[in-house]
1. Filtering segment 321-340 down to residues that are in a helix (DSSP H, G or I) and open to solvent by 80 Å² or more (accessible area, probe 1.4 Å), which residue is farthest from Ser98 (Cα to Cα)?
2. Given the criteria open to solvent by less than 50 Å² (accessible area, probe 1.4 Å), under 26 Å from Ile187 (Cβ atoms), in a helix (DSSP H, G or I) and not basic (Lys, Arg), does Thr104 qualify?
3. Could you list, ordered by first residue, the pairs with Cβ atoms under 7 Å in which the first is in segment 122-144 and within 18 Å of Pro284 (Cβ to Cβ) and touching a residue at least 12 places away in the same chain (Cβ under 8 Å) and the second is among the small types (Gly, Ala, Ser) and in a loop (DSSP other than H, G, I, E, B), at least 6 apart or interchain?
4. Modelled with pLDDT under 95, in a helix (DSSP H, G or I), under 26 Å from the mean Cα position of the chain (by Cα) and surrounded by fewer than 22 Cβ atoms within 10 Å (Cβ to Cβ): is that true of Pro352 in this structure?
5. Residue under question is Val281, and the condition is that it be in a helix (DSSP H, G or I), of a type in the set (A, V, I, L, M) and either farther than 25 Å from Ile152 by Cα or open to solvent by less than 80 Å² (accessible area, probe 1.4 Å) (or both); does it hold?
6. Identify all residues within segment 122-135 that are buried (at least 17 other Cβ atoms within 10 Å of the Cβ) and either touching a Phe, Trp or Tyr at 6+ places or on another chain (Cβ under 9 Å) or in a helix (DSSP H, G or I) (or both); write none if there are none.
7. Which of the residues belonging to segment 35-57 are among the hydroxyl-bearing types (Ser, Thr, Tyr) and either at positive phi or in a loop (DSSP other than H, G, I, E, B) (or both)?
8. Just wondering, is there one or more residues in segment 254-265 that are within 27 Å of Pro163 (Cβ to Cβ) and without any contact (Cβ under 8 Å) to a residue 40 or more places away in the chain?
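The values are calculated or read from the model by the stated rules, or taken from the named source; none is laboratory data. Computed from a predicted model, the values in this text were never measured in an experiment. Glycine also receives a Cβ, built like all others from the backbone with ideal geometry; neighbour counts cover every protein chain displayed. For accessibility, only protein heavy atoms count, side chains too; no ligands or nucleic acids. Shrake-Rupley method; radii C 1.70, N 1.55, O 1.52, S 1.80 Å.
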Amino acid sequence: MKKVNSIRTPIYRDSGFWLKDIPTMKKAFADEIDHPADPDLYIYSRYRNPTVVETEEFLANIEGASWSLLTQSGLAAIDIALSIFQNQKKNGKWLFFSEIYGGTNSFIDKVLVERRGLDVVRFTPSGESYSIDEFERIMKQHKPQVVFLETISNPMLIVADVPQIISISKKYGAKVIVDNTFATPYIFKPLDFGADIVIHSATKYLAGHGNLSAGVVTGNDKELLKKAIEYRKLVGHMISPDDAYRLLDYLKTFHLRIKQHFSNAKAVAEFLNENPLVEKVLYPSLDTHPTNGIAKSLFKNGFGAIVTFDIKGDSFEEKQIRCNTFIQKVSDSIHLIPTLGDAETILMPIEPVWGDKYPFPGMVRLSIGIEPVETLIGILDKALKH
């Protein structure tokens, strides 16, 4: 067969790869002992797949990392990132910031604590921001082996002083894992400040179209890479070559898309902040945001694409009614979908999802898309007035 003059990586759907003779097979399995990221001889697609590897290398370049590994979901990436630091004989306390993705919190409670018996410590905000002094006190008291946090929290958008947190964590001998999904490598790269592992739900902004599920684990330490490859292989957290191929195509427009996401979000936040029918707006670029100073010191190209706002009302019931009315008014253009990072703006009500943690019946989380911002603001303005 002639070689096709295409610039695109083929989709290798092979489950197993051709090893032409016994010496070749022996070499492939001998090489596998060291878990190479891009093996000379592929064996089985649960181990590694050339289409997936090509996308991983593209992602590592975006992240400014030595390596990246893809998984079939963001939660699979979280499982890998956490599991490679577990050791039955050496497990001490682990510290998790409380303001992290609900799925991660459930994984901590149901898997790490109930099934694996980890001793977990939670670090909570002091009001609407994290106290560095309190964090150091907790680190000094518990000396956890692992610290896990998100750069920007969901849905209150608390920006963590990640460089400070990493520095203090290292001082007490902890490994640091940062979920950087909301910030993306476009505005912040935790590996540059010494994070051991960075993860993303690639389902969100990296893919960006709401039709692909993927996760990514990335880092610089080659020994952690080997452990991550081994764990992914053994538990089967491999993404399909078809999804990796589609993700690679999406990644080629990442910087263009994310720039528009962030620009639109800033404009929407400023509009809502001036709207008399809105009680409060949470967005890191606003001077009124509790972590505005930290955000300005860390981020150079934007402040994220999530805007959380609270509709005015004199009582719980009135806010609830106004929030429901608002969602109905925008439903033809801005859909209620339980995810974020799509090319189109979508929303989530806060109180029905987070309940007692955030009992704010008038509060809505907007995941801002890449539509013309004037159109988007017009939709929001009309819905708030009625």
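1. Lys329
2. Yes: the conditions hold for Thr104.
3. Tyr130/Ala160
4. yes
5. Criteria not met by Val281.
6. Phe123, Pro125, Tyr130, Phe135
7. Across segment 35-57, the qualifying residues are Tyr42, Ser45, Tyr47.
8. No, the conditions are met nowhere in segment 254-265.
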